[in-house]
Amino acid sequence: MAATVTPIVDDQVYKLPLKVLVIKEKKQVLFAEAGKDFVDILFSFLTFPLGTLSKLMAVESNLQEPVRLGSISSLDESVTHLEEEHFRTQNCKEMLLNPRNSLASYCQKMKLNIDDATEPIKYFICENWECSRKVSGSLLSINFRNERCTCGKLLNREIFRENVTLEDGFVKETARFIICDDLHITPNVFGASVQVFQKLGITDMQDIEERTMHISKKEVVNLLKFSLISETPMTDFIFKKEQPLDKFSPQLQFDIAQVPSDEGKQMLVKIQIRKSNGKIVFAEAEEDFADFIFSFLTFPLGGVLHMLKGFSSLSCIDKLYKSISDLNAERYLRSQEVKDKLANPRCAFHFNVSNQMLPIEADCLPVYYCYSVRNYVKDRWVYSGTLVTSPKAITRGSEMDAPLNIVDPRSPTGESSSTEGFAKGPSIYMVTDDLVVTPMSTVFAISYLNRLGVPLFDVEERVITIGLKECLGILKASLTSASALTNGLKHLMKSIKREN
Ligand SMILES: [Zn+2]
């Protein structure tokens with residue numbers, strides 16, 4: 001388990017009430033009836049980066065076994081164990097282990113925000129105050145106080161943002177919804193609930209019982225887990241089934257629909273195939289492939305769903321995601337803009353990888369100014385500053401300069417936008433079928449084969465070309481399978497078999 005798992009501290013004070021209709025005999029949830037508070041929580045799941053989801057999956061709960069998110073959990077753990085020297089800067093590892101949520105400001109006001117282990121953003125300028133009052137070229141570091149200023153001192157003076165406004169979630173205050181067992185969300189109109197009754201063939205209303213649950217933060221984490229591993233998350237959640245996980249068998253569809261394979265950039269990857277079962281044991285590739293795999297941790301779940309056109313094999317997440325496009329933005333969501341953001345959440349800024357093969361973008365860099373005010377304290381002038389997003393009218397004793405240059409924490413030279421990724425190169429990396437990334441070492445590879453019980457004569461090396469279709473395949477398989485490479489590249493394997 002990853003070392004950075006923070007236990008969820010249950011808020012003793014607040015529990016969210018939730019009304020559910022259940023079939024008593026069958027112990028099954030028909031649907032829940034809820035408003036903004038609960039539906040915002042469900043939608044917030046789509047804003048979490050996969051790395052955050054993997055950590056939340058590892059949080060202790062009343063489930064019998066720890067649950068894992070496909071190969072994402074092992075990828076996340078491998079980053080924990082990777083020495084800092086393999087990353088471009090010492091911040092890269094921290095960034096991958098705690099990827100920022102680009103829509104965090106939409107979640108922070110929610111009554112039960114399970115991603116609150118993520119610290120609020122911090123801002124640092126040069127400890128030498130004169131540096132931050134330069135006409136241009138003053139530096140700002142976000143979240144990292146170890147960056148060096150051009151003057152040689154550290155950017156470690158914390159300043160605070162003025163008037164930070166938090167967004168009020170995703171759905172309208174007055175909207176009411178029905179949430180089906182599979183997390184499909186529809187407006188709460190009578191017709192919708194009748195449809196649920198008819199779909200389940202319920203005629204005897206005697207079996208139906210209304211219950212009001214009171215949900216804590218810890219229980220929201222359970223609900224998140226069920227939504228990623230079960231086809232009936234609401235039932236499992238309400239009846240707190242403690243079943244072994246092999247009961248869940250998601251429909252694994254690894255095929256990626258119509259993607260022209262020869263489009264855009266390609267990567268060359270050496271793979272070691274086990275001849276006797278056709279499985280990929282590991283891949284060997286340059287830093288661009290390692291970066292491509294690392295970047296999965298930074299993708300928001302909703303962004304992944306967008307790339308996979310709503311078909312991720314996580315059946316309930318697919319339903320939850322589809323609910324967004326079905327809901328009328330005018331009536332149910334806070335605005336069309338909120339709907340668009342939720343349907344295609346981006347990576348946070350600085351979390352993009354140049355030459356990213358997948359169609360996912362990162363947020364643009366924000367523009368900040370340091371607004372400094374001079375005060376006469378203890379017989380001398382001292383400066384204090386706040387971070388503002390637009391230039392202010394200059395008043396007496398205050399100064400306002402050019403926008404600050406935001407330092408990319410991945411840039412070894414303090415540039416504001418680094419053109420590369422997280423992994424240090426030139427270097428060769430080894431990526432196992434379950435996406436454990438390590439620097440290539442023959443000794444390690446041999447002992448890995450030994451551990452798996454794969455004899456050397458059973459291994460065959462192939463060089464394959466990876467394009468968009470293959471990248472989407474690996475991403476999709478990584479969500480549900482511990483054989484992300486084998487399943488994600490299945491179509492290539494078929495042609496290799498035919499050659500043999
Ligand atoms: Zn400086």
Margin query: Distance between the C-alpha centers of the range 456-474 and the range 101-150? Whole Å please.
Written below: 40 Å
Item checked: For the range 10-103, the Rg and Dmax computed from alpha carbons only, in angstrom -> 18.2, 58
Margin query: Explain nothing, just the number: relative contact order of the chain, from Cα pairs under 8 Å at least 6 residues apart, as a whole percent.
Written below: 24 percent
Checklist line | Low-density loop cleavage sites - GluC sites (Glu not before Pro) in the range 86-144, where at most 16 other Cβ are within 10 Å (DSSP) | finding: E127
Check: Where does each of Y371, Y321 land when they are ranked from fewest to most other beta-carbon atoms within 10 angstrom?
Finding: Y371, Y321
Notebook entry, point to check: For the range 48-159, what is the largest minus smallest coordinate of the Cα atoms on each principal axis, given in angstrom and ordered from greatest to least?
Noted result: 58, 38, 18
Checklist line | Debye log10 I(q)/I(0) at q = 0.21, 0.24 Å⁻¹ for the range 418-500, Cα point scatterers | finding: -1.28, -1.39
Check: Please state the Cα pair-distance histogram of the range 269-365 with 10 angstrom bins from zero: what percent is in each bin?
Finding: 14, 33, 31, 15, 6, 1
Check: What is the distance, in nm, between label points placed 7 Å from the Cα along the Cα-to-Cβ direction at T150 and at M213?
Finding: 5.6 nm
Notebook entry, point to check: In the chain, what is the volume of the convex hull around the alpha carbon atoms, normalised per residue and reported in Å³?
Noted result: 179 Å³
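Just how large is the dipole of the chain about the Cα centre, in debye to the nearest 20, putting +1 at every Lys and Arg Cβ and -1 at every Asp and Glu Cβ? Display every interim value, and only then the final one.
Values: 59 positive and 64 negative charges, 106 e Å.
Dipole size: approximately 520 debye.
Given the pairs K109/K341; K19/K217; K55/K319, which are separated by over 21 angstrom at their Cα positions? Mind showing how you got there, number by number?
Details: K109/K341 17 Å; K19/K217 17 Å; K55/K319 23 Å.
Table pairs above 21 Å Cα-Cα are K55/K319.
Values quoted throughout were computed directly from the atomic coordinates according to the rules given, and no laboratory measurement underlies them. All of these numbers come straight from a predicted model, not from anything done at the bench. All Cβ positions, even for glycine, are placed from backbone atoms using ideal geometry, and neighbour counts span all protein chains on display.
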